[in-house]
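Data first, discussion second: the structure below is written as structure tokens.
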Amino acid sequence: MNRRISLVSILAISLTLGITSFALATEEQPTTEPAPQAAPQPQTTDGEPMYVAGMQVAIDETTGELRPATAEEAANLAQQWRQIFVPRKAAPRAFTTKSGATAVELPNDMLKFSVVRIEADGTLTTGEAHGQQNAREFIATTTTPEEE
Amino acid sequence: MRTKHLSRLTLLVFAGLLLVATLPASAANVVVINFDPPGVGLNDPTPVAPVGGNPGTTLGAQRGNVYLLAAQIWGSTLDSSQTIFVAAQFTPLPCSPTGAVLGSAGPTFVVTDFPGAGFPATWYSSAQGDALSGVDQVPGFVDIGSSFNSDIDDDPNCLVGRQWYYGFDNNQGGDLDFLTVVLHEINHGLGFLELVDPNTGALFFGQPDIYTKFMLDLTLSTTWDTMTDAERLFSQTNSGNVVWNGSNVTNQAPSILGPRPSLKVLQPKVLKGSYEAQAASFGQPLGGGGGTTGQIVLADDSTGVGTDACEPITNNLNGKIALIDRGGCAFTTKVANAEAAGAKGAIVANNAPDGPAPMGGSDPSISIPSVGITLDLGNSIKAELPGANAKLLLDDDFLAGTTQDFVRLYTPAVVSPGSSKSHWDTSAEPSLLMEPSITPNLESATTLDLSPAMLQDIGWVLLP
């Protein structure tokens, strides 16, 4: 469990750009279950570097409210995010939000996949594909635009 | 029971790392959430030298800085009281020595019938739904997901010889400008996309998205939201005739787009007029005003298909404009042969009915201008030879990438899934951020060119 927690531990460095101020974490967080806490909200403060760390938030199955994610949930989510190339088998479904709107989670195969290939003359051809299968087809294609 | 469907979207933040752009109070707050574990991706500690204005000294820091600059650029463009959450990740994605998936991105949710929606029964991106309603419509979820290929930097067998470029200065050379790609992909997530099924023409969940309301087919004289499925299937390949019908884009286009590459036929009278052409990516650039004028002569290399100019040309083209058929060899070979035969310019007629010949390639030894034209125009000119005179030029009377003054959407004759419809057409000059390909003449992605106007058309409020 503690190893999973380390998945969401963070590193921080501080940098300041001329137009943008921000901060990144550099120190590893304690490898313990996080204490329940309200979901922190990002804020900006007059150009001061902004740092929000240790946020592990999930939607509670029972209450529907945000709560800190457990280590197991965080690990599961990380794994699923990494499987973005695995199309979701279940069809997307509509649900009603708290404000009364209707929402649908877009399936992975509706994401835009930005792709590139190197042509025979060394030039790059970039493009976009619809879903992972189309993306793989694009990068496997060997035609060159300047040739007939 | 929503947690049973835990996915990349069911988490607001777990990676514990936020990159927050500091912006004017009225600007949208675009928060980039780092989903990478320690030591990799956005946290990669590999030392690197600062590059192109990016002060990061580790690979992870440079990647994060680019994300953050993109967030700052979009945040300083849009007015929203609601934070826009962008999930960010670098991870190994499909790659080979010659091809790679750069990344993937898009809205995580679409929402409809929320307070403040411009149209009922219309899908909006999650970020726009939040902005228009002033409420986080799907709290606890990121608005835009994005993931980029770390192997381009990390795997020597991935896209050999090319890497991500993390500078801010558009000086990527032969590498891949990460800032351009991120700006482009976030734009999709903000609403620059349509959700129509490219195989059936069906609307998403039976109702239009806001983008389709501005997709006008000039042949059918109707917009995509009111078409039948069959009409949408026709329209998605109606090249050159599907345009953006939004007043902000149309009004701004003249300040963004340049004159149209054209072949102006001066004689015979029956063909007199200005025809859209594809400027070559090599040779002398087309000029405005006078352009390059001359008599058109059909090239003949006396070998195989004699008009393809794939071998040295045998007829006299001295001071003429060579007319050449597409096929058999590279465009650069054809034009080089025409120049060697004395031509002052060259025209390549397409060999298929899908627009002007594309005229790609590179050959610094070529010094004459050349253009591609359609199969139909090529045949019409051939029927009038001898006796045809024409001018190759940038025609100030027309804007590149437009039809009837509307900016075109990318609807090639053969559907290109992922690229068709949700981009500007590639005939735009100069190139635009939201074309399907990153082209060398994209002058600067950071200006966002027509993208803010497009977002304004669909209902976003822009900062002054």
Whole-Hz couplings from phi, Karplus 6.51/-1.76/1.60, listed for region B:169-184; x for Gly and Pro: 10, 6, 10, 7, x, x, 8, 9, 6, 5, 4, 4, 5, 5, 4, 4
Principal axis dimensions, largest first and in whole angstrom, of chain B by Cα: 75, 52, 39
10 Å Cβ neighbours from other chains, averaged over peptide B:63-70: 2
Interface residues, region A:94-113 - accessible area loss of 50 Å² or more versus chain alone, probe 1.4 Å: A:PHE95, A:SER99, A:THR102, A:VAL104, A:GLU105, A:LEU106, A:MET110, A:LEU111, A:LYS112
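From the protein chains alone at 1.4 Å, what is the descending order of accessible area for B:TYR211, B:TYR410, largest first? Working shown, then result.
On the way: B:TYR211 0, B:TYR410 45 Å².
The ranking, largest first, comes out as B:TYR410, B:TYR211.
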Per residue value of the accessible surface for region B:123-211 (all protein chains in place, 1.4 Å probe), Å²: 26
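For chain B, what is the calculated [θ] at 222 nm in deg cm²/dmol (nearest 500), taking -39500 (n - 2.57) for each run of four or more DSSP H residues and dividing by its residue count? Show your work: numbers first, answer last.
Details: 9 runs with 85 residues, N = 464.
Calculated from helices alone, the mean residue ellipticity at 222 nm is -5500 deg cm²/dmol.
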DSSP-defined beta bridges in region B:259-399 - what % are antiparallel, rounded to 5: 60
Loss of accessible area when B meets A, both sides summed, Å² nearest 100, probe 1.4 Å: 7800
Semi-axes of the equivalent ellipsoid for region B:2-191, Cα gyration tensor, largest first, Å: 30, 18, 15
Amide hydrogen neighbours beyond the local backbone of B:THR314, cut-off 5 Å, H modeled: B:ASP300, B:ASP301, B:SER302
Counted charge near B:PRO261, where neighbours are those whose Cβ lies closer than 10 Å (Asp, Glu -1; Lys, Arg +1): -2
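In region B:2-191, what % of DSSP beta bridges are antiparallel (nearest 5)? Spell out each step's value before the answer.
Values: 14 of 25 bridges.
So the antiparallel bridges amount to about 55 percent of the total.
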For region B:264-279, 3J(HN,Hα) per residue [Karplus equation, 6.51 cos²θ - 1.76 cosθ + 1.60, θ = phi - 60°, Hz, x = Gly/Pro]: 9, 7, 9, 9, x, 4, 5, 10, 4, x, 9, 10, 5, 9, 9, 5
Between helix B:59-75 and chain B: long-axis angle, C-alpha atoms, 0 to 90°, nearest 10: 80
Accessible area, probe 1.4 Å, largest first, for residues B:CYS158, B:CYS310, B:CYS95: B:CYS95, B:CYS310, B:CYS158
Amide H contacts under 5 Å for B:VAL51, placed H, 5+ residues apart: B:GLY56
J(HN,Hα) series, region B:156-168, from Karplus relation 6.51 cos²θ - 1.76 cosθ + 1.60, nearest Hz, glycine and proline x: x, 9, 9, 6, 3, x, 10, 9, 5, 10, 9, x, 9
DSSP beta bridge pairing in chain B, given as percent antiparallel to the nearest 5: 65
Spin-label model distance (nm) - B:ASN251 vs B:VAL305, 7 Å beyond Cα toward Cβ: 4.8
Cα-based equivalent ellipsoid, region B:171-309: semi-axes from gyration tensor eigenvalues, Å: 37, 23, 18
In Å², nearest 10: area of A:HIS130 left accessible to a 1.4 Å probe: 60
Accessible area in square angstrom per residue, region B:372-464, 1.4 angstrom probe: 36
Long-range HN-HN contacts of B:THR402 with modeled amide H, under 5 Å: B:ARG408
Bins of 10 Å from zero: percent of alpha-carbon pairs in region B:143-206: 18, 33, 28, 17, 4
Burial order of peptide ranges B:354-362, B:264-272 (average beta-carbon count within 10 Å, highest first): B:354-362, B:264-272
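With every protein chain present, what is the per residue accessible area of region B:289-356 (1.4 Å probe, Å²)? Walk me through the numbers before you get to the answer.
Working: 2500 Å² over 68 residues.
Roughly 37 Å² per residue, with all protein chains present.
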Overall dimensions of region B:311-464 by Cα: Rg and Dmax, Å: 18.4, 61
Rg followed by Dmax, in Å, when region B:317-398 is reduced to its Cα trace: 12.3, 34
Listed residues B:ASN251, B:ALA277, B:ALA322: farthest to the positive end of the dipole of region B:236-333 (Cβ charges): B:ASN251
Protein accessible area in chain B, 1.4 Å probe - carbon and sulfur %: 53
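The values are calculated or read from the model by the stated rules, or taken from the named source; none is laboratory data. Predicted model only: the values in this text are computed from it and were never measured. Here the Cβ is made from the backbone with ideal geometry for all residues, glycine too, and neighbour counts use every protein chain on show. These area figures cover heavy atoms from the full protein model, side chains too; ligands, DNA and RNA do not enter into them. Shrake-Rupley method; radii C 1.70, N 1.55, O 1.52, S 1.80 Å.
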